[in-house]
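Comments concern the structure below.
The values are calculated or read from the model by the stated rules, or taken from the named source; none is laboratory data. Source: prediction; values computed, not measured. A quick note on method: Cβ atoms are made from the backbone with ideal geometry, for glycine too, and the neighbour counts reach across all protein chains shown.
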Amino acid sequence: MTVSEPSQAPNVVEDWFDLESDRLHEECGVFGVFGHPEAAALTALGLHALQHRGQEAAGIVSYDNKRFHAEKRLGLVGDHFSDAEVIRRLPGRAAIGHNRYSTTGETILRNVQPLFAELDAGGLAVAHNGNLTNALTLRRELVKAGAICQSTSDTEVILHLIAQSRRPRIMDRFVNALREIEGAYALVALSTKKMIGARDPLGIRPLILGELDGCYILTSETCALDIIGAKYIRDVDNGEVVVITDEGVQSLRPFPPQRMQPCIFEFVYFARPDSVVQGQSVYEVRKRMGIELARESAPEADVIVPIPDSGVPSALGFSRECGVPFELGIIRNHYVGRTFIQPTQGVRELGVRMKHSANRSQIEGKRIVLVDDSLVRGTTSRKIVKMMRDAGAKEVHFRLACPPILYSDYYGIDTPEREKLLAATHSLEQMRELIGADSLAFLSVEGLYRAMGYEGRDDLRPQFADHCFTGDYPTPLTDRTGEHPRQLSLIAEAS
Ligand code: AMP
């Protein structure tokens with residue numbers, strides 16, 4: 001394996017090797033191509049389309065029938081992987097890639113995926129989107145049993161589980177490892193002969209199968225197929241493992257069948273609006289969220305203003321439903337990353353100001369309704385309401401196209417601990433006051449389900465993983481509750 005990691009020193013390294021750290025973040029995008037002469041270049045393009053899923057780092061591993069090659073970089077895909085020289089160092093007809101979205105203290109190349117291990121059966125690279133809810137518990141057991149951990153990521157736990165399995169075949173090892181892990185995962189792995197895709201038993205995180213020039217592609221979202229002109233084949237099912245070889249695609253279903261529970265936050269915020277998730281256009285769903293929100297809480301107003309970019313589709317729906325004009329009262333500077341991932345509150349606040357400016361001509365003297373997709377800590381909303389008032393707005397009403405986020409997510413959406421979630425610690429009136437708006441309203445959980453097309457299907461709720469709003473966590477939270485449901489069976493398993 002050749003690994004090329006530039007001598008880019010990580011700027012924040014404190015705590016990076018805290019094995020007991022209670023949050024192992026892997027909020028990411030994954031992509032893979034098997035059997036194509038331009039595998040690495042296509043993977044770079046795929047990762048570029050998935051950039052919204054992770055901006056801190058990116059990596060690609062390719063295999064050229066002799067060796068694995070890896071290129072990993074901190075920063076944006078386009079800043080590094082548009083360089084022909086970097087792509088040239090990734091030869092072969094198979095490649096997988098990963099965009100990393102992490103938080104303070106973990107911006108370090110060692111954590112950048114895909115992770116690679118040399119197993120006795122040959123090399124294996126793994127890229128993971130999602131968060132395991134028993135990774136710390138497993139890691140402690142693995143370390144006790146002699147494993148040496150190099151990173152703080154869940155993915156390394158998966159690699160260790162695969163490595164320690166005594167099964168002779170890589171697929172059996174892979175499936176055994178999946179049986180040990182809990183939580184959310186969309187995995188893309190590359191061995192010397194196969195590309196493997198796996199989705200957790202509830203399908204919390206998305207994974208899509210596509211095709212280009214007769215070659216198979218795995219991706220977190222359909223927008224990455226569009227960028228390379230690939231065809232959508234289907235969503236990988238919950239609990240399904242797809243094995244792609246020169247012979248084609250084989251599907252394994254190692255878990256008992258369960259009802260799917262994909263993450264509702266993909267529709268609210270995470271996925272790109274031009275993606276199709278679970279057969280639904282994210283853009284259309286977001287517009288319908290705006291329509292439902294307007295039905296529930298449209299105030300008297302002169303103009304509907306989206307908070308760009310995330311609030312645009314729902315603001316369009318809101319405006320259409322209440323018949324009040326939609327105007328771009330806020331202009332976004334596109335050369336600044338998403339505010340949420342700035343590592344400290346101080347920098348985050350600065351980030352918000354760098355990112356948005358008031359378009360005074362559309363604001364001054366008007367009663368405005370600001371529409372955003374979600375409210376987390378309240379940083380964005382507070383700044384923007386003030387900005388609107390400074391620009392001369394007569395009234396500022398704030399509307400959120402999702403319900404209050406009352407519970408933390410542990411499956412790969414980077415929400416903070418509960419005490420930092422504004423809605424978990426404040427009443428509606430307290431939030432309104434803090435944000436400084438004339439009125440504040442959120443979409444109801446029922447309204448959200450109506451927008452998703454599940455009206456009158458209460459018998460099926462939760463149809464999605466909606467724990468952020470309801471506290472109804474779809475899997476055990478072993479690392480948090482300290483429960484220890486079973487001993488690690490892999491090490492003891494009969495070969
Ligand atoms: P906050 O400013 O902390 O209230 O965060 C709300 C803003 O962050 C909204 O504009 C959302 O579009 C965006 N947002 C919501 N959830 C996330 C997330 N998991 N990661 C990054 N940004 C988010």
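Before moving on, here are some points about what is shown:
Each row is one residue, and each column tells you yes or no for (1) aliphatic (A, V, I, L, M); (2) modelled with pLDDT of 90 or more.
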site	(1), (2)
S408	no, yes
A423	yes, yes
L440	yes, yes
A451	yes, yes
D459	no, no
C468	no, yes
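- Some residue of the stretch 245-255 being within 16 Å of the ligand (Cβ to nearest atom), polar (S, T, N, Q) and not assigned by TED's automatic domain parsing to the domain that holds T470: no
- Extreme residue, farthest from G346 (Cα to Cα), among residues of the stretch 402-425 that are away from the ligand (no atom under 12 Å from the Cβ) and part of a loop (DSSP other than H, G, I, E, B): P403
- Considering the stretch 226-283, the residues that are of a type in the set (K, R) and not in a strand (DSSP E or B) include one that is nearest to the chain's Cα centre (by Cα), namely R272.
- Scanning the stretch 270-283 for residues that are surrounded by fewer than 24 Cβ atoms within 10 Å (Cβ to Cβ) and within 16 Å of the ligand (Cβ to nearest atom) yields R272, P273, V277, Y283.
- Among the residues of the stretch 339-349, those that are over 29 Å from M452 (Cβ atoms) and either within 11 Å of the ligand (Cβ to nearest atom) or modelled with pLDDT of 95 or more (or both) comprise Q342, Q345, R348, E349.
- Within the stretch 350-372, restricting attention to residues that are within 31 Å of the chain's Cα centre (by Cα) and in a helix (DSSP H, G or I), the residue that is modelled with the highest pLDDT is K355.
- Looking only at the stretch 284-338, and only at residues there that are more than 16 Å from the ligand (Cβ to nearest atom) and polar (S, T, N, Q), the one that is surrounded by the fewest Cβ atoms within 10 Å (Cβ to Cβ): S297
- Exactly one residue out of A198, A186, A177 is at pLDDT 95 or above, crowded, with 21+ Cβ neighbours inside 10 Å, under 22 Å from V77 (Cα atoms) and within 25 Å of the chain's Cα centre (by Cα): that is A186.
- Residues of the stretch 211-221 that are under 28 Å from P474 (Cα atoms) and in contact with a helix residue (DSSP H, G or I) (Cβ under 9 Å, 6 or more places away or on another chain): T219, S220, E221.
- Failed item in (1) on the phi < 0 side of the Ramachandran plot; (2) in a loop (DSSP other than H, G, I, E, B), with T137 passing the rest: (2)
- Restricting attention to the stretch 373-401 and to residues that are part of a loop (DSSP other than H, G, I, E, B) and small (G, A, S), the residue that is farthest from the ligand (Cβ to nearest atom) turns out to be G392.
- All of A121, A84, A70 fail the test of being surrounded by 15 or more Cβ atoms within 10 Å (Cβ to Cβ), among the small types (G, A, S) and closer than 22 Å to A49 by Cα, apart from A70.
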